[in-house]
1. Filter the stretch 54-76 down to the residues that are free of Cβ contacts under 8 Å to residues at least 40 places away in the same chain and under 16 Å from Phe146 (Cβ atoms) and list them by number.
2. Could you grab me the full set of residues in the stretch 27-54 that are among the aliphatic types (A, V, I, L, M) and in contact with a strand residue (DSSP E or B) (Cβ under 9 Å, 6 or more places away or on another chain)?
3. Just to verify a result, which residue in the stretch 31-52, among those that are assigned to a loop (DSSP other than H, G, I, E, B) and in contact (Cβ under 8 Å) with a residue 40 or more places away in the chain, is most open to solvent (accessible area, probe 1.4 Å)?
Amino acid sequence: MLLGCPITLKESSVMRQIIQLGIQDRKPVPWSPPSVFRRGTKKNPKLVIWQSVVAKYAQAAMSQNNQTIYTGGPVHFCVRFFYKCNKSALPGDPVWLAKDDGRSGIADVSNLVKGLEDALQGVVFDNDCQVCSFEASRRYAMIEGFSLRVFAVEGSLKRDSFDEADQPIE
């Protein structure tokens, strides 16, 4: 099974690395919906800056490896987001909710992934709908940033066997 997803790779499938990237000293910024005004919308300015930095580094890594935008099919990526250690955390510890009120001030993983996918779209892969699976985590570290590996899934994908309880309710 591929990372807990209901998809597995057939023996003929290959995961070929497209890019490996790491950015330090940049706090990951989560995706957030744009603000809506009478005269239009405005994206989160911190998100826009973070995505442009990620896109710039990804473009440099793609150029360095003579890679072009991958348009050939599904992609899979592994990413770890790093936040600076607080007084109670050690490097490598998972980032959990830090306060009793249930709010840590650290973004949830799904929104971090959304922001990253948008930054990589048009640079590493053609469209973020190509992402068929991913593995993501947040960890404490001495510095903020993230590390990323993106893979092209070449060959066939097949579904795992499901029982009737796994099917949508009609």
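1. Of the residues in the stretch 54-76, the ones free of Cβ contacts under 8 Å to residues at least 40 places away in the same chain are 56-57, 60, 63-64, 66, 68.
The answer is Lys56, Tyr57, Ala60.
2. The first filter runs over the stretch 27-54 and keeps only residues among the aliphatic types (A, V, I, L, M), leaving 29, 36, 47-49, 53-54.
Passing the criteria: Val36, Val53, Val54.
3. Of the stretch 31-52, the ones assigned to a loop (DSSP other than H, G, I, E, B) are 31-34, 38-39, 43-44.
Still in the list and also in contact (Cβ under 8 Å) with a residue 40 or more places away in the chain: 31-32.
Working: Trp31: 83, Ser32: 35 Å².
Selected residue: Trp31.
To keep it simple, each residue is scored yes or no on (1) open to solvent by less than 70 Å² (accessible area, probe 1.4 Å); (2) at pLDDT 95 or above; (3) in a strand (DSSP E or B); (4) more than 15 Å from Leu112 (Cα to Cα).
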site: Val29; (1), (2), (3), (4): yes, no, no, no
site: Val54; (1), (2), (3), (4): yes, yes, no, no
site: Asn66; (1), (2), (3), (4): no, no, no, yes
site: Gly72; (1), (2), (3), (4): yes, no, no, yes
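The values are calculated or read from the model by the stated rules, or taken from the named source; none is laboratory data. All figures in this text were calculated on a predicted structure; none of them were measured in a lab. Every residue, glycine among them, receives a Cβ derived from its backbone with ideal geometry; neighbour counts consider all protein chains shown. Ligands, DNA and RNA are excluded from the accessible area calculation, which covers all protein heavy atoms including side chains. Shrake-Rupley method; radii C 1.70, N 1.55, O 1.52, S 1.80 Å.
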